[in-house]
Amino acid sequence: MNSIILGIESTAHTAGVGIITSEGKILSNQRSMYIPEEGGIHPREAARHHSDIFPVLFDKAFKEANLKPSEISLVSYARGPGLGPCLRTGATAARAFAYSHEIPLIGVNHCVAHLEIGLLEGATDPVLLYLSGANTQVIAYASEKYRVFGETIDIGIGNGLDKFAREAGMGFPGGPKIEKLAKGPELLDLPYSVKGMDMAFSGLMTAAKSKLDSGHPIETVTYSLQENAFAMSCEVAERALAHTGKTELVLGGGVACNERLREMATIMTEERGVKCFIPSKDLCVDNGVMIGWLGYQMVNGDYKITEEDNRVHQKYRTDMVEVTWR
Ligand code: ATP
Ligand code: FE2
């Protein structure tokens, strides 16, 4: 039977409501991002934004999909990882909707959702290069878990880019602003920190800010920053491909919207004879569709919904999830 799934995302700055069919047809992908007036993200303000905007997003999603709530067969929301107040807002919206329409409710892992949406693009057993604000991980499936093969040991790559951009007076989110400014070919000498399979971005961001302060043009600094950060990420992804023998790479997370990163990953995979799957930008950033899609994969597989599914989990790591549906 072709069922219809409602997916709800609210782990950090983005509130998302997505509707997708069990055949992978996207019927709506509504998103709204909380943008702080100044400084970084305030969890409680972001949560207030989400609770204000959810009714609007629900309404738009159902209108666009031309559906009634009673036509939904599963509600899936992101249990974590993420910011407590934001997670609770999404969980409350999901619960209220599911209970009032007597629809089963499942809570899923946000990071795994970024990976599984890549399977919708055609990948079957990929390595995921997951680059977002808070997370920077290289993930692949091995014996019932999505294992983290490498990750950042300090800040997430996107948060690093955002921090640099904020200090350089560019506003939030920083990643897209840095991308627009970046212009080569001059490459400044900046830290390149790959330690085994792990990466560190904090020193790179600080060094880039000092280059800017010492008079280097913003175009050159942002270009050099991107080249180093993305080359580090691609190097670890390439090693994970070599180590696991897998032949597919999927990009995910907001930073995967970046054209230079997409180009680097494409070149690396072509050189290795590996396939590269790059979801559309509105599926790379945080969105409800990927949450709905993962919920359906789990329920359609062997996953049994439990009481746990009702509770958010701020530190719900990728490798804590029992992958019973593959
Ligand atoms: P997660 O909870 O998975 O860590 P997130 O809350 O950070 O996700 P995402 O939407 O996955 O949310 O990613 C947001 C990040 O992506 C921000 O740090 C933003 O600067 C970055 N980003 C968005 N577009 C681009 C781009 N074109 N180039 C570089 N970075 C980008
Ligand atoms: Fe995300």
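Quick note: the coordinates plus some simple rules give every number you see, no bench work behind them. Just so it is clear, the model here is predicted, and its values are computed rather than measured. Cβ coordinates were reconstructed from backbone atoms using ideal geometry, including for glycine residues, and neighbour counts include every protein chain displayed.
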Inter-probe distance in nm under a simple model that places probes 7 Å from Cα toward Cβ, at TRP325 and ALA242: 3.4 nm
Of the candidates VAL299, LEU251, TYR192, the farthest towards the positive dipole end of the chain (Lys/Arg Cβ +1, Asp/Glu Cβ -1, centred on the Cα centre) is VAL299
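In the chain, what % of DSSP beta bridges are antiparallel (nearest 5)? Write out the running numbers ahead of the final one.
On the way: 26 of 43 bridges.
Of the beta bridges lying entirely in the chain, close to 60 percent run antiparallel.
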How long, wide and thick is segment 113-186, going by the Cα atoms along their three principal axes, in whole angstroms, largest first? 45, 26, 25
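Where does the chain land at 222 nm, in deg cm²/dmol rounded to the nearest 500, when only DSSP H runs of n ≥ 4 count, each adding -39500 (n - 2.57), divided by all residues?
On the way: 10 runs with 140 residues, N = 326.
My calculation for the chain gives -14000 deg cm²/dmol from helical runs alone.
How large is the Rg to Rh ratio of segment 116-282 when both quantities use alpha carbon positions and Rh follows Kirkwood? Mind showing how you got there, number by number?
Details: Rg = 15.5 Å, Rh = 15.9 Å.
That ratio is 0.97, to two decimals.
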Ranked output for segments 304-315, 48-59, 2-13 by mean other Cβ atoms within 10 Å, highest leading, reads 2-13, 48-59, 304-315
Estimated distance in nm for a label pair at ASP213 and ASN300, the labels positioned 7 Å out from Cα along Cα-to-Cβ: 5.3 nm
Would you kindly derive the ³J(HN,Hα) couplings of segment 265-281 from the backbone phi angles with the Karplus curve 6.51 cos²θ - 1.76 cosθ + 1.60 (θ = phi - 60°), listing them in order in whole Hz, with x for Gly and Pro? 5, 5, 4, 4, 6, 4, 5, 8, x, 10, 7, 10, 10, 10, x, 4, 4
Could you give log10 I(q)/I(0) at q = 0.07, 0.10, 0.15 Å⁻¹ for the chain, computed by the Debye formula over C-alpha point scatterers of equal weight, without solvent? -0.27, -0.55, -1.19
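Express in nm, to one decimal, how much length is gained between ALA231 and ARG95 on full extension, taking 0.36 nm for each residue of separation and deducting their alpha carbon distance.
Values: separation 136, 0.36 × 136 = 48.96 nm, distance 4.18 nm.
Taking 0.36 nm per residue and subtracting the Cα distance, the gain is 44.8 nm.
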Give me the dipole magnitude in Debye, nearest 20, for segment 116-282 about the Cα centre, with unit charges on the beta carbon: positive for Lys and Arg, negative for Asp and Glu. 180 debye
Size-normalised alpha-carbon gyration radius of segment 42-136, reference 2.2 N^0.38 Å: 1.21
